[in-house]
Amino acid sequence: MCELACSYRHFRVINPARSRIRVVRLPQEPVDSPIYCIQCGLCIGACPFGALSRDLKTGTVKVSFEKCTGCGMCVHVCPYGAASRDPESRKALICDLCDGDPECAKICPEGVLLYLDPDDAAAYKRIAFSRLQRKEVTPLKPDAR
Amino acid sequence: MMLGGKLCGYAGKILRVNLSKKKVAEEELKPELLRLYLGGTGYAARILWDELERGVDPLSPENKLIACTGPLTGTLAPCSGSIEFAFKSPLTGIFGQTRAGGGFGPRLKYAGYDFIVIEGASDKPVYLSVIDGSAEIRDASHLWGKTVHEATHMLIEEVGDPQASVACIGPGGERLIRYASIMVDYDRAAGRCGGGAVMGSKKLKAIVVNGDRGIEIAKPDEFYDAAREAISAVGRQRMGLGQFGTVGGLKGLNESGALPTKNFQTCYYEKAEKMSGEELARKYLLKRRACLACPIGCGRYVWVPAGLYITPPHEGAEYETVDMLGVQSMMGSLEPLIRADYLCNTYGIDTISAGNVIAFAIEAYERGLITDEDTGGLKLRWGDADACLNLLEMIIERRGIGDLLAEGVKRAAEKIGRGAEDFACHGKGLEVPAHDTRGTSKSFAIQYAIGNPRGACHIEPLWAGMWDFSGSGLGLRELGLPWPPPSRFEEVGVRRGEACRLLWLYGELASILGICRFSMQGGEDEILTPARLSRLVSTLTGWELSPRDLLVISDRAYTLKRCFNVREGVSRKDDKLPKRLMEPLATGPTKGQKVENLDAMLDEAYEALGWDKMTGKPKRDKLRELGLDDVAEVIWGA
């Protein structure tokens with residue numbers, strides 16, 4: 001649903017292939033995970049054409065459509081697969097947090113995606129981190145028969 | 001409305017695949033037909049009506065299998081991750097349709113097609129790859145014989161796209177088990193009516209789809225607002241259906257005396273607590289899972305981590321499966337049930353039909369109609385989970401008595417004879433699912449006899465108990481739904497026929513528009529009422545369609561499907577219930593309830609539907625009113 005909302009917001013079309021957030025489902029494991037850009041900025045330095053910069057207002061990575069050649073270097077350096085290429089324009093597709101009002105967080109029916117100020121975010125992050133520890137006591141796969 | 005040369009809400013194309021000639025071709029959707037049928041199984045019913053000859057053998061190359069989506073499929077409309085398959089059913093010999101969730105429908109549209117029409121039959125195993133608007137028939141000899149889970153995994157590796165969606169058959173479909181399912185994205189089943197056997201007869205192992213094409217919206221802002229509103233409404237069901245899944249309702253149904261047990265002998269099960277959704281969540285649930293664009297998430301990702309019934313994680317154990325495979329045979333524990341469900345999924349057979357057939361076999365064994373000799377020494381008893389699992393394996397392998405049971409309960413009962421027909425629970429050959437004509441609502445008596453074009457089905461067109469059992473108006477009151485509803489046990493004189501008709505026409509919209517019925521069942525504030533659907537469809541396609549317009553479209557599709565069956569020879573004499581479903585219930589809160597006035601109830605329904613009471617055919621005037629003059633000529637003569 002976040003994927004569809006993202007493509008609607010930016011291109012006014014329903015097309016998950018043009019979404020900046022992508023959900024990964026591992027069929028053999030209990031994992032459904034939305035992968036999105038954490039705005040680390042690794043790609044900014046990697047772009048050979050200077051098409052990426054830090055947006056001073058929102059703090060996000062900004063793509064200059066004029067300068068982007070679609071070389072894919074940002075995709076190459078992104079550790080999470082959060083940067084991708086738009087199948088239509090062939091230019092970089094990097095999250096801009098919808099100018100500080102992310103559509104994906106608004107539409108997520110499960111309340112998994114949250115857009116918060118740092119005070120609240122820290123509390124949620126602590127909870128999320130604690131959950132990670134649970135996996136170590138619960139085996140994920142049964143013994144093969 | 002067209003935008004950028006594309007129909008809004010549609011991919012705009014049909015993919016026609018001829019497996020005999022190994023040819024694929026593209027066709028444009030016909031806008032004039034879309035205005036009449038909108039899409040989904042309505043549009044597909046028209047294709048099947050036009051292109052199938054009367055009396056075609058469902059397992060022959062002449063039968064066609066249509067994968068269909070609707071305009072809402074894969075959009076932001078809630079619960080739109082839907083795919084329907086339409087074909088002539090090898091189980092019932094009449095119109096067959098079957099639905100699955102997952103991501104196949106949406107991804108088919110993103111690949112550039114609304115429909116895939118599969119014709120002919122291949123001489124060797126093949127699969128169909130539809131990626132980004134290019135389709136190819138490829139060799140599948142290495143996949144033949146593989147289970148659903150193996151084949152799906154191999155195909156995703158082979159096409160090299162982890163997000164691709166796969167619809168495939170398991171060994172069940174290859175062996176032409178008449179209730180073989182088409183499995184989507186590993187564990188989502190298009191189970192009913194034997195679509196898997198149709199694919200098996202065509203030697204089509206799988207269809208793989210994905211794409212990066214988008215769906216245009218006629219009025220983006222209005223549509224988005226409508227979708228947001230609809231999502232938050234339907235999302236209210238998360239606390240119910242989402243929390244414990246469909247099986248969460250099991251305990252409540254049991255307390256109301258509406259939980260079919262022991263091959264429909266009773267509607268009350270003492271050990272229901274042990275089979276409940278709460279028990280499942282406590283012990284076996286790893287995670288909830290949703291289909292694409294669903295705010296509810298009823299999917300249960302479950303496993304049995306250790307013990308005799310160890311089972312790998314998979315999506316399963318929904319209410320129908322738990323009741324039909326577990327409660328009917330009185331397994332008394334969820335562990336063997338989860339294992340049985342997994343076997344059905346990975347070998348690709350329908351859990352409802354399989355459960356029904358197994359319960360039937362146990363009863364036949366108890367009565368001495370089948371013996372140790374038939375079962376190869378297997379002793380079938382109520383509550384013996386291991387015997388059930390063994391029998392299930394025999395069916396999957398078509399071994400011994402399993403070969404006969406793989407033909408469905410109707411054919412099995414006919415072969416066994418000696419009164420077996422009396423407790424073989426099917427409607428037109430389709431095994432009766434886990435809602436009862438006596439315990440749940442009398443509406444199901446009408447629904448199983450005539451309500452669904454495909455035979456006895458609880459959820460298509462709609463779960464008929466919504467009106468009197470659940471007491472929801474479904475937003476249909478302003479469209480003429482009789483209100484307030486009567487007691488669920490009253491039979492005639494309570495406008496049951498009229499109410500059922502409206503419920504069916506409303507439910508039919510799900511398979512036309514390409515959404516899940518769970519977004520249409522519940523209180524008025526938590527479902528896609530006709531008003532919400534009208535807003536979504538109108539803003540998406542740019543065609544102004546009022547709730548009434550939508551009901552006319554679904555009436556057309558629904559009536560056409562009936563006409564398809566009439567052409568195949570169905571008449572009023574086939575609109576009946578098995579004896580078992582009319583007999584008094586043996587125990588529980590609804591003890592003694594029976595169906596007494598089926599004919600009178602049916603008369604009311606025929607009247608409401610505009611069907612002829614003598615023959616069961618839709619009346620000529622009715623057909624003309626719907627613009628089906630050509631159909632009327634075939635049904636009634638020129």
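What to note about this one:
- Order of B:ILE362, A:ILE94 under a 10 Å beta carbon neighbour criterion, fewest first: A:ILE94, B:ILE362
- Normalised contact order of chain B, rounded percent, pairs of Cα under 8 Å and 6 or more residues apart: 16
- Paramagnetic label reach from A:TYR115 (point 7 Å along Cα→Cβ; backbone nitrogen cut-off under 12 Å): within the range A:1-26, residues A:6, A:9-10.
- Centroid-to-centroid separation of the range B:314-335 and the range B:184-235 [C-alpha atoms, Å]: 26
- Here the Karplus relation 6.51 cos²θ - 1.76 cosθ + 1.60, evaluated at θ = phi - 60°, turns the backbone of the range B:56-71 into coupling constants of 4, 6, x, 9, 9, x, 6, 5, 10, 10, 10, 8, 10, 10, x, x Hz, with x for every Gly and Pro.
- Of the trypsin sites (Lys or Arg not before Pro) found in the range A:74-121, those in coil by DSSP whose Cβ has at most 15 other Cβ atoms within 10 Å are A:ARG90.
- Between B:SER546 and B:LYS379, residue separation times 0.36 nm minus the direct Cα-Cα distance comes to 54.3 nm.
- Each label point was placed 7 Å from the Cα along the Cα-to-Cβ direction; for B:ASP123 and B:MET2 their separation is 4.3 nm.
- Compactness of chain B was expressed as the Cα radius of gyration divided by 2.2 N^0.38 Å, which yields 0.88.
- Annotation: for a label point projected 7 angstrom from Cα along Cα→Cβ of B:GLU366, residues of the range B:308-349 with backbone N closer than 18 Å are B:323-333.
- Computed from the C-beta positions of B:ILE310 and B:GLN163, the FRET efficiency with R₀ = 41 Å rounds to 0.85.
- A:SER53 paired with B:MET582, simple spin-label distance in nm, labels 7 Å along Cα-to-beta-carbon: 8.2
- Taking GluC sites (Glu not before Pro) as exposed when DSSP calls them loop and at most 10 other C-beta atoms lie within 10 angstrom, chain B has its longest site-free stretch at B:54-543.
- Alpha-carbon centroids, the range B:401-442 and the range B:593-638: separation in whole Å: 26
- Within straight-line cross-link reach of B:LYS561, lysines at Cα separation under 21 Å, skipping those fewer than 8 residues along the same chain: B:LYS30, B:LYS64, B:LYS88, B:LYS428, B:LYS573, B:LYS576, B:LYS613, B:LYS617, B:LYS619, B:LYS622
- Separation in nanometres of the label points that stand 7 Å from Cα toward Cβ, at B:ARG624 and B:SER134: 5.3
- Alpha-carbon centroid distance for the pair the range B:1-48 / the range B:125-179, whole angstrom: 23
- Which of B:TRP483, B:TRP543 has the fewest Cβ neighbours within 10 Å, and the rest in rising order: B:TRP483, B:TRP543
- Taking other C-beta atoms within 10 angstrom as a stand-in for reagent exposure, A:TYR8, B:TYR558, A:TYR36 fall in the order A:TYR36, A:TYR8, B:TYR558, fewest first.
- Within chain B, the selection of entire DSSP H helices by a Cα span of 18 Å or greater along the long axis and an average Kyte-Doolittle value of at least 0.0 returns B:334-347, B:351-366, B:496-513.
- Whole-number percent relative contact order across the range B:1-113, with pairs defined as alpha carbons under 8 Å at least 6 apart: 23
- Shape call, the range B:356-451: gyration tensor on alpha carbons, a/c limit 1.5: prolate
- Potential lengthening between B:GLU607 and B:ASP403 on full extension [0.36 nm per residue; Cα-Cα distance subtracted]: 69.3 nm
- Near the amide H of A:ILE35, within less than 5 Å, lie the amide hydrogens of A:ARG22, A:VAL23, A:VAL24, all on another chain or at least 5 residues away, with H placed in the peptide plane.
- Residues of the range B:519-549 with amide N under 13 Å of a point placed 7 Å along Cα→Cβ from B:GLU478: B:529-535, B:546-549
Any read-out appearing in this document is the output of simple, stated calculations on the displayed coordinates, not a laboratory observation. Fair warning: this is a prediction, and the values are worked out from it, not measured in the lab. Neighbour counts are summed over all protein chains in view; Cβ atoms, including those assigned to glycine, are modelled from backbone coordinates with ideal geometry.
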